[in-house]
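*Asks:* Please find one structure pasted underneath; my questions will follow.
The values are calculated or read from the model by the stated rules, or taken from the named source; none is laboratory data. Since this is a predicted model, take the numbers as computed values, not measurements. Don't worry about glycine lacking a Cβ; one is built from the backbone with ideal geometry, like all the others, and counts go over all protein chains shown.
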């Protein structure tokens, strides 16, 4: 082995190779600093005298499954200029760490393909050591991120624990990268991030979200209503909840002879007509229900018409279409329908903004699925700070086992 090899293979800059030992299936590489890299820790002077030496073992990248350990000779240096006597610093590792910087980089690469537990077992390191390496790397990278380029954002929440424990997730809709993670789903969970965006003067054109009041309140505090775009899929989901509520209510008051037509039709009501156009049995069962119950028939027709709103080709066309739909909903006189129509009317600005900026939270939903996979592979996270850092790095993960 040579000095060039420990430099190019292990990133040991500024060191000279001394010798190699092989003990207990491990490789021990003895090294020491080159004279030009030896200087006073206090004043950086090279006018020094060596006063004794200690040896320190630092683990580095393995070779062919064998553990490799650098045995570093560290001298106590007496400075003739400032008079201090201090041990020389270690270049290839962070202070008070028993692993090299090159091993740290290797660990981070492995974690893109596997879990902390798998990497710890593979390298023969403690779980907490692998986590410490990853937290250090992710924190350093997070500090370098820029927010000024952001234009289109998607906001949603994800449940991380039982008992209504949520995280607020903000995604850059152009790149699909997570740009903000905060605990809870209150207005304050989003306000701090929007305040940062204002401070760096990011030109935000649109923020896609559902109709959660806390997020709306936070966005309105820093941006005009024109940037809020309510997600079309969440709106249809709310409409489906309204129809399901009406179905249960009508089923309870239906006559005994009609109750059987309410069985097994829940998902037929929630599906779009195009989903059952080739299923004649499903069409027949749905037709029987809607023929028997006029209220459900009206709500179902209104739901299908609302879905057509997003097929409009201009803002003006969509505005007129929504006004007509709201009028039909109010005229219906059906309690759950008019209640839902009132909510849609109060949020019409954010709904129609889609025709200025056609964005949705679909990418955020995709990120949420990745977060669930991350949490499942790790069997949960006890450290919420580390969990948030892992979410920021989701775009780098591959979720494959090491082979």
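*Asks:* If you scan the stretch 272-295, which residues turn out to be in a loop (DSSP other than H, G, I, E, B), surrounded by 13 or more Cβ atoms within 10 Å (Cβ to Cβ) and touching a helix residue (DSSP H, G or I) at 6+ places or on another chain (Cβ under 8 Å)?
*Replies:* 276, 293
*Asks:* Another one. Evaluate the following for residue 59: is it part of a strand (DSSP E or B) and within 20 Å of residue 3 (Cα to Cα)?
*Replies:* So residue 59 passes the test.
Results for (1) surrounded by fewer than 17 Cβ atoms within 10 Å (Cβ to Cβ); (2) within 30 Å of residue 124 (Cα to Cα); (3) in contact (Cβ under 8 Å) with a residue 24 or more places away in the chain, shown as yes or no for each residue.
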{"position": "23", "(1), (2), (3)": "yes, yes, no"}
{"position": "29", "(1), (2), (3)": "no, yes, yes"}
{"position": "34", "(1), (2), (3)": "yes, no, no"}
{"position": "39", "(1), (2), (3)": "no, no, yes"}
{"position": "42", "(1), (2), (3)": "yes, no, yes"}
{"position": "48", "(1), (2), (3)": "no, no, yes"}
{"position": "53", "(1), (2), (3)": "yes, yes, no"}
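*Asks:* For the stretch 343-366, what are the residues that are assigned to a loop (DSSP other than H, G, I, E, B) and over 14 Å from residue 234 (Cβ atoms)?
*Replies:* 356, 357, 358
Here's the yes/no breakdown for (1) outside any helix (DSSP H, G or I); (2) surrounded by fewer than 20 Cβ atoms within 10 Å (Cβ to Cβ); (3) at pLDDT 80 or above:
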{"position": "217", "(1), (2), (3)": "no, yes, yes"}
{"position": "247", "(1), (2), (3)": "no, no, yes"}
{"position": "256", "(1), (2), (3)": "yes, yes, no"}
{"position": "264", "(1), (2), (3)": "yes, yes, no"}
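*Asks:* If you don't mind, there's one more thing I want to ask. Which of the residues spanning the stretch 62-77 are within 15 Å of residue 26 (Cβ to Cβ) and assigned to a strand (DSSP E or B)?
*Replies:* Within the stretch 62-77, 62, 63, 66, 67, 68, 69, 70, 71 meet the criteria.
*Asks:* Within the stretch 327-346, work out how many residues are crowded, with 18+ Cβ neighbours inside 10 Å and closer than 16 Å to residue 307 by Cα.
*Replies:* Final tally of qualifying residues: 5.
*Asks:* Among (1) surrounded by 19 or more Cβ atoms within 10 Å (Cβ to Cβ); (2) within 16 Å of residue 392 (Cβ to Cβ), where does residue 176 come up short?
*Replies:* (1)
*Asks:* Can I ask one more? Could you check, for the stretch 78-93, whether at least one of its residues is in contact with a helix residue (DSSP H, G or I) (Cβ under 7 Å, 6 or more places away or on another chain) and part of a strand (DSSP E or B)?
*Replies:* Yes.
*Asks:* Find the residue count for the stretch 371-383, including only residues that are more than 20 Å from residue 129 (Cβ to Cβ), surrounded by fewer than 17 Cβ atoms within 10 Å (Cβ to Cβ) and touching a residue at least 24 places away in the same chain (Cβ under 8 Å).
*Replies:* Matching residues across the stretch 371-383 total 2.
*Asks:* Another one. When the residues of the stretch 84-100 are filtered to those that are under 14 Å from residue 69 (Cβ atoms) and either touching a residue at least 40 places away in the same chain (Cβ under 8 Å) or touching a strand residue (DSSP E or B) at 6+ places or on another chain (Cβ under 6 Å) (or both), which remaining residue is surrounded by the fewest Cβ atoms within 10 Å (Cβ to Cβ)?
*Replies:* 98
Residues are listed down the side, and each one gets a yes or a no for (1) assigned to a helix (DSSP H, G or I); (2) at pLDDT below 95; (3) in contact with a helix residue (DSSP H, G or I) (Cβ under 7 Å, 6 or more places away or on another chain):
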position: 297; (1), (2), (3): yes, yes, yes
position: 300; (1), (2), (3): yes, yes, yes
position: 303; (1), (2), (3): yes, yes, yes
position: 309; (1), (2), (3): yes, no, yes
position: 317; (1), (2), (3): yes, no, no
position: 322; (1), (2), (3): yes, no, yes
position: 326; (1), (2), (3): yes, no, yes
position: 331; (1), (2), (3): yes, yes, no
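*Asks:* When you scan the stretch 147-193 for strands (runs of 3 or more DSSP E) that lie fully inside it, which ones turn up with 1 or more residues that are closer than 15 Å to residue 228 by Cα and without any contact (Cβ under 8 Å) to a residue 60 or more places away in the chain?
*Replies:* Ranges flagged: 152-161, 165-172.
*Asks:* In a helix (DSSP H, G or I), farther than 30 Å from residue 247 by Cα and within 27 Å of the chain's Cα centre (by Cα): which single residue out of 382, 376 fits that description?
*Replies:* It is 376.
*Asks:* While we're looking at this one, here's another question. Output the residues belonging to the stretch 197-215 that are surrounded by 15 or more Cβ atoms within 10 Å (Cβ to Cβ) and assigned to a helix (DSSP H, G or I).
*Replies:* If the condition is that a residue be surrounded by 15 or more Cβ atoms within 10 Å (Cβ to Cβ) and assigned to a helix (DSSP H, G or I), then 197, 214, 215 are the ones that fit.
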